[in-house]
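Notes to accompany the following structure.
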Amino acid sequence: MQPAANLNHAAVQVEDDRTGLTPETLKRAFLDNLFYIQGKFPRLATQHDYYMALAYTVRDRLLQRWISTAAAYTEQGSRTVAYLSAEFLMGPQLGHNLVNLGIYDIVQQAVADLGLNLDELMEQEAEPGLGNGGLGRLAACYLDSMATLEVPSLGYGIRYEFGIFRQDIRNGQQVEVTDKWLRLGNPWELPRPEWAVDVKLGGHTEAYTDRSGRYRVRWIPYQVIKGVPYDMPIAGYRTNTCNTLRLWSAQAPEAFDFEIFNSGDYLGAVQDKLSSENLSKVLYPNDNISQGKRLRLAQQIFFVSCSLQDMLRILARQGLALSQFSQKFVIQLNDTHPAVTVAELMRLLMDEHGLSWDAAWDITQRSIAYTNHTLMPEALEKWPVDMFGQLLPRHLEIIYEINHRFLEQVRARFPDDSDRLRRLSLIDESGERYVRMAHLACVGSFSINGVAALHTELLKQDVLKDFYELYPEKFNSKTNGVTPRRFMVLSNPRQTEMLNRTIGDTWVSRLDELKRLEAKAEDPSFQHDWHMIKQANKGDLANYMAKQNGLVINPESLFDVQVKRIHEYKRQHLNVLHIITLYHRLKASPNLEVPPRTFIFGGKAAPGYHVAKLMIRLVNGVAEVINHDPAMRDRLKVVFLRNFNVRLAQRIYPAADLSEQISMAGKEASGTGNMKFALNGAVTIGTLDGANVEIRDEVGAENFFLFGLTAPEVYALKAQGYNPWDYYQGDPELKQALDSILVGTFSRGDGEVFKPLIDSLLNWDPYLLLADYQDYVACQERVGQAFCDRTHWTRMSILNVARMGLFSSDRSIQDYCRDVWRTPAVPIELTDHAQLGE
Ligand code: NBY
């Protein structure tokens, strides 16, 4: 369509008030946005109005890149990564965009000239908490790295109206509060209603013969839901690339309620509209556990179908044939949450676009790659066949057909091995029948990867052993990484400034250049400055803890930190057993020489996970006793920081001395918090689990506090018959710690509160806390001694940072690009696409 000729002159100037980058144009744009978008003038404006005005000012400066990027990808038909994830834990956008655009300082100045404070404005932003933990945050780090490396990519997910709940602590217990992050508007999104699509649910299927006499299937749904895309810009670090995160919001389709409207049931129609909108209402707050709820499955098919239809639209729009799908797109499945992609792509290609099974299967298998994030059996998603068939009758048929053909192949390869067939089947038939989503993902994809070397090995040996024997060529390992832009430059400006001064600023996008710091590790004046930076960061966190928790914290004390989701396998309660032991030791021997310590915890428990909630209560119970004991003043403090989220994480990592990574070996797939701590100069105490193994290899065993059973030792101990009671009876300090919890020392004398937690430890202890306790406590003694030698500790801290270059998400993405995606970089030239009529 040609635009009206007179619009040709409506070009936006590149360097004008909407896009200019001088303090003057920034200030003018800011005031303009305050007036014309927020509808406020300074005397009436709130801090939030100012935040919004600034956010729009920054967004305008992204649009030139965003539009140029979209245009380049369209014109060049660039191969694009479609990153499908039920979660994107983006965190606050303003600061991160300022860093990536390289305008942090100038905007800070412009804002200050107007009498405002940038930190205070950034505090106004409601962070998009559209994820639970590691998996969702990894997706966000990967978007940052793909944009930075100029890799064409589209993130696809769900625009949850309520993200992860806000955690309040009342009487030491977690209370969940809904996260209404969109309440005051979201300046970082653009709705794209013109690209809305329909998604079918329920109903039944009918076979028919088409005009050419071919067998076809038609799906008559019970319900149709409209998906409306909202786009968020993803700017690369100092590149022109600005990719897109496309999140789908569920709505009732107009045509649907119109029918009911004609039948006179207006209120019924409105009800239907409400129920449709429920689909994208709330993020399921579980990590590493699958609940098997119908609404959750509906969310999965919803965002998967919307995203695939969107890809097919883009393909057609670029004039490419269906057979070119896998040249244009590579779909990365972030765990099995989007695994129904395999069946939905088949359905779209066959039922909606008329392809044959073989043609559709060829495209599907060439396009999809699957990342596994867990070794926890309870996290492996499976759906009761009945529920699946009621919601997705056509997909169930397709899955049966995939399974039939798949098992034929297995039978040919392994004749007379019915046990293997049963283990490999997409359907679990051991009792109630289930669809196994990990199996669907393995069969439907060309690549299967774990997220750390150890994790991938354990997948091959255990969880996905049969698939590894069948398809060894599909398996590969991609160790996770984190973005240094958010987790160093933005969150730790002091350390960043010192690094820039010492080795220049190119490390931000070439993290292995941190190596050059090694030369400084022995330099006393460098060590002194390094130490002072850590002290300043600790002072900031101490002030925050004073405000939040009403505690006086000594910034000279060892900040010993465990922040992550609360889970038994992560063993926050092992940390607590050490604290109680240290407490008992200090009570018994007041002259004991140990450095003062501040134990800091943070993390959310899934609302239905009672033991995890008890673990939070235990931390707070221990905190209450220790923090009120005059004998512990200046020696021990225990702090639980409420509502751990991306923003709080950014405050905590720079202030940590010791990073607790103490999961039972063989359970944490990778961990990414471990990387964020080490990149901010914390030393790790950890087990040989997940990426800890690789971190220790990189930083050197002498700069890492290792303890605990290894994964093979864990299996051996369990195989020989583990009895926690033996450890309890055999170690007086352990017994004393557990007994003190049981008699109510940390629950105001109530001996019932923690009984379930302690009973489970004494009778079962699936995560071997009691087996690892002694080694952990001994290792913590070595930590305490090392901390007392400031020079030694500072040297370890410097070397940790210097040797962490491998753990940039840029490296992870380069590995995916090389081994899995085969997506070349596409540099973007800024062109004046605001010019209409071209
Ligand atoms: O993914 C985490 C792993 O535990 C961690 O070791 C790894 O570093 C990280 C990134 O690879 N997994 C994780 O965060 N999982 C979830 O959040 C999650 C959320 C929902 C569900 C399952 C897992 N679910 O089934 O609903």
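The values are calculated or read from the model by the stated rules, or taken from the named source; none is laboratory data. Computed from a predicted model, the values in this text were never measured in an experiment. Positions of Cβ are generated from backbone atoms using ideal geometry, with glycine treated the same way; all protein chains shown enter the neighbour counts. We work out accessible area using only protein heavy atoms, side chains counted, and drop any ligands, DNA or RNA first. Shrake-Rupley method; radii C 1.70, N 1.55, O 1.52, S 1.80 Å.
Based on the mean of other Cβ atoms within 10 Å per residue, sort peptides 326-334, 152-160, 727-735 so the most packed one is first. Intermediate values should be presented prior to the final figure.
Working: 326-334: 22.7, 152-160: 26.2, 727-735: 15.6.
Packing order, densest peptide first, comes out as 152-160, 326-334, 727-735.
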Order the following by accessible area, largest value first: H792, H337. Probe radius 1.4 Å; ligands, DNA and RNA are ignored.
H792, H337
Value of relative contact order over region 703-773, rounded to a whole percent, pairs C-alpha under 8 Å and six or more apart
34 percent
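Once you have the Cα-Cα distance between T178 and D265, take 0.36 nm times their residue separation minus that, and quote the gain in nm to one decimal.
Details: separation 87, 0.36 × 87 = 31.32 nm, distance 3.21 nm.
Length gained, T178 through D265: 28.1 nm.
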Put +1 on the Cβ of each Lys and Arg and -1 on the Cβ of each Asp and Glu in the chain; which of I169, F754, T684 then has its Cα farthest toward the positive end of the dipole?
I169
Reach of K226 by Cα under 19 Å, taken over aspartates and glutamates that are not fewer than 8 positions away in the same chain:
E161, E189, E194, D198, E254, D257, E259, D272, E277, D310, E344, E352
Scoring the chain by relative contact order with C-alpha pairs under 8 Å, at least six apart, yields a percentage of 15 percent
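So what is Rg over Rh here for the chain, counting just Cα atoms and using Kirkwood for Rh? Intermediate results must be reported in sequence, preceding the final value.
Values: Rg = 27.7 Å, Rh = 28.6 Å.
Looking at the chain, the ratio lands at 0.97.
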If I take R0 = 41 Å and measure r between the Cβ atoms of E206 and E457 in this structure, what FRET efficiency does the formula 1/(1 + (r/R0)^6) give, to the nearest 0.05?
0.30
Show which lysines lie in cross-link reach of K637 when reach means a straight Cα distance below 30 angstrom and same-chain residues fewer than eight apart are skipped.
K534, K538, K547, K564, K570, K587, K604, K613, K667, K676, K735, K755
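In debye to the nearest 20, how big a dipole does region 62-194 give about its Cα centre with +1 on each Lys and Arg Cβ and -1 on each Asp and Glu Cβ? Numbers along the way, then the final one.
Working: 9 positive and 17 negative charges, 82 e Å.
About 400 debye.
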The long-range amide H neighbours of V639, using H built 1.01 Å from N in the peptide plane and a cut-off of under 5 Å, are F599, I600, F601
Quick one: Karplus J couplings for region 445-457, per residue in order, coefficients 6.51, -1.76, 1.60, θ = phi - 60°, nearest Hz, x for Gly and Pro?
10, 9, 9, 10, 10, x, 10, 7, 4, 4, 4, 4, 4
When the helix-only estimate is applied to the chain (DSSP H runs of n ≥ 4, each -39,500 (n - 2.57), divided by the residue count), what is the mean residue ellipticity at 222 nm, nearest 500 deg cm²/dmol?
-14000 deg cm²/dmol
Give, as a single signed number, the net charge of other residues whose beta carbon lies under 12 Å from the beta carbon of L458, with Lys and Arg counted +1 and Asp and Glu -1.
-1
Heavy-atom accessible area per residue - region 401-501, 1.4 Å, Å²:
40 Å²
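So if I place +1 on the C-beta of Lys and Arg and -1 on the C-beta of Asp and Glu, and nothing else carries charge, what would the dipole magnitude of region 134-181 be about its Cα centre? I want it in debye, nearest 20. Display every interim value, and only then the final one.
Details: 5 positive and 6 negative charges, 29 e Å.
I would put it at about 140 debye.
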Rounded to whole Hz, the Karplus (6.51, -1.76, 1.60) HN-Hα couplings of region 761-775, x for glycine and proline
5, 6, 9, 9, 6, x, 10, 6, 4, 5, 5, 8, 4, 4, 5
Scoring only Lys, Arg, Asp and Glu (+1, +1, -1, -1) among other residues with Cβ under 12 Å from the Cβ of H404 yields -1
Averaging sequence separations of C-alpha pairs under 8 Å and six or more residues apart, then dividing by the length of region 396-455, give the relative contact order as a whole percent.
23 percent
Inter-label distance, nm, simple model (7 Å from Cα along the C-beta direction), Q720/K547
5.3 nm
Just to be sure I understand the curve: with the Debye formula and one point per C-alpha of region 599-669, what is log10 I(q)/I(0) at q = 0.13, 0.28 Å⁻¹?
-0.49, -1.27
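With all protein chains present, how much of the accessible area of the chain (probe radius 1.4 Å) comes from carbon and sulfur, to the nearest whole percent?
Values: 16680 of 32790 Å².
Heavy-atom surface of the chain belonging to carbon and sulfur, 1.4 Å probe: 51 percent.
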D634 to N763: extension gain in nm, 0.36 nm per residue of separation minus the Cα-Cα distance?
42.8 nm
Just the accessible area per residue of region 710-751, please: how many Å² with a 1.4 Å probe?
56 Å²
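Among 116-127, 676-687, 97-108, 242-253, what's the highest-first ranking by average C-beta atoms within 10 angstrom per residue? Don't jump to the answer; show the numbers that get you there.
Values: 116-127: 17.2, 676-687: 26.2, 97-108: 19.2, 242-253: 23.5.
Per-residue mean Cβ counts within 10 Å order the peptides as 676-687, 242-253, 97-108, 116-127.
Tally Lys/Arg at +1 and Asp/Glu at -1 over every other residue whose Cβ is under 10 Å from the Cβ of T371; what's the total? Please list the in-between numbers first.
Details: positive: K478; negative: D335.
So the surrounding residues net to 0.
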Using a 1.4 angstrom probe, figure out how much accessible area region 15-174 has per residue, in square angstrom, rounded to the nearest whole.
35 Å²
For region 291-433, build the charge dipole from Cβ charges (+1 Lys, Arg; -1 Asp, Glu) around the Cα centre, then report which of W361, F302, L315 sits farthest towards its positive end.
L315
Quote the charge dipole size of the chain about the Cα centre in Debye, to the nearest 20; the model charges only the Cβ of Lys and Arg (+1) and of Asp and Glu (-1).
360 debye
Whole-Å distance, taken between Cα centres, linking region 627-699 and region 72-119
27 Å
HN-Hα J couplings of region 212-220 from phi, Karplus 6.51/-1.76/1.60, θ = phi - 60°, integer Hz, Gly and Pro as x?
8, x, 8, 5, 9, 10, 10, 10, 9
